[in-house]
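A short worksheet on the structure shown next.
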Amino acid sequence: MEKRTCTTMYSPELKTLGERLKFIRNSLSQSQFAAKFNIPQTTLSRYERNSSEPDLKFLSQVSQQYNVSLEWLIAGRGALHIEDEDIMLKYPFEDPFIAKEYILKEYSKIKDMLEHEQRERRELSTENRRLYREKEELYRDKEKLLKEKEGLLRENGMLKEKLVRLEIEQQKN
């Protein structure tokens with residue numbers, strides 16, 4: 001198990017998940033780090049650039065492999081590493097087992113929140129695609145209606161001309 005040390009509870013210089021992943025990766029190349037977790041280097045690159053969100057499985061693996069707090073990794077809050085002594089200071093339980101159980105419950109809550117956010121993001125993405133297709137269809141309908149309107153206006157103009165000619169012809173007679 002590898003470990004990076006961080007003296008502060010919150011690292012303001014590591015504002016994004018991508019920055020925290022780079023920090024954990026340390027001197028490993030993206031390819032080496034990605035290989036540890038069986039993901040393509042390009043995927044890790046997108047994670048580090050914050051252009052793509054990693055799934056919970058990957059985050060959990062990083063958390064376990066590097067003994068990093070999932071809360072710190074995901075949100076940038078809390079301690080970088082959680083040690084037994086830290087657990088006792090942060091969660092003043094008599095029994096370290098109870099403290100760890102409490103942390104596991106907190107971890108489970110964070111995991112559930114992340115999964116919920118991912119589901120919502122997928123639903124919103126699906127809804128956005130549907131609305132975009134609907135908008136495109138409305139634009140196509142609008143173009144058809146505008147062409148139809150032009151045709152009707154031309155026809156109306158021709159009918160008015162014909163009416164005027166008929167009225168003139170009728171006045172002559």
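The values are calculated or read from the model by the stated rules, or taken from the named source; none is laboratory data. Not measured: the values here are computed from a predicted model. Neighbour counts are summed over all protein chains in view; Cβ atoms, including those assigned to glycine, are modelled from backbone coordinates with ideal geometry. To get the accessible areas, we keep the full protein, side chains included, count just its heavy atoms, and leave off ligands, DNA and RNA. Shrake-Rupley method; radii C 1.70, N 1.55, O 1.52, S 1.80 Å.
Worth a mention:
- Looking across Leu14, Leu21, one residue alone is surrounded by 12 or more Cβ atoms within 10 Å (Cβ to Cβ), part of a loop (DSSP other than H, G, I, E, B) and among the aliphatic types (A, V, I, L, M). It is Leu14.
- Inspection of segment 130-150 identifies no residue that is surrounded by 10 or more Cβ atoms within 10 Å (Cβ to Cβ), touching a residue at least 40 places away in the same chain (Cβ under 8 Å) and part of a helix (DSSP H, G or I).
- Residue under evaluation Gln171, criteria (1) more than 26 Å from the chain's Cα centre (by Cα); (2) open to solvent by less than 80 Å² (accessible area, probe 1.4 Å), criterion not met: (2)
- Residues (within 13 Å of the chain's Cα centre (by Cα) and open to solvent by less than 70 Å² (accessible area, probe 1.4 Å)) located in segment 41-51: Tyr47
- Of all residues in segment 52-108 being part of a loop (DSSP other than H, G, I, E, B) and within 20 Å of the chain's Cα centre (by Cα), the one that is modelled with the lowest pLDDT: Arg77
- Residue pairs whose Cβ atoms lie under 8 Å apart, sitting 6 or more positions apart in sequence or on different chains, and linking a residue in segment 39-57 that is under 16 Å from Leu14 (Cα atoms) to a partner that is open to solvent by 70 Å² or more (accessible area, probe 1.4 Å) and part of a loop (DSSP other than H, G, I, E, B), are Tyr47/Glu53.
- Looking only at residues in segment 110-129 that are among the acidic types (Asp, Glu) and over 18 Å from Ser60 (Cα atoms), the one that is most open to solvent (accessible area, probe 1.4 Å) is Glu123.
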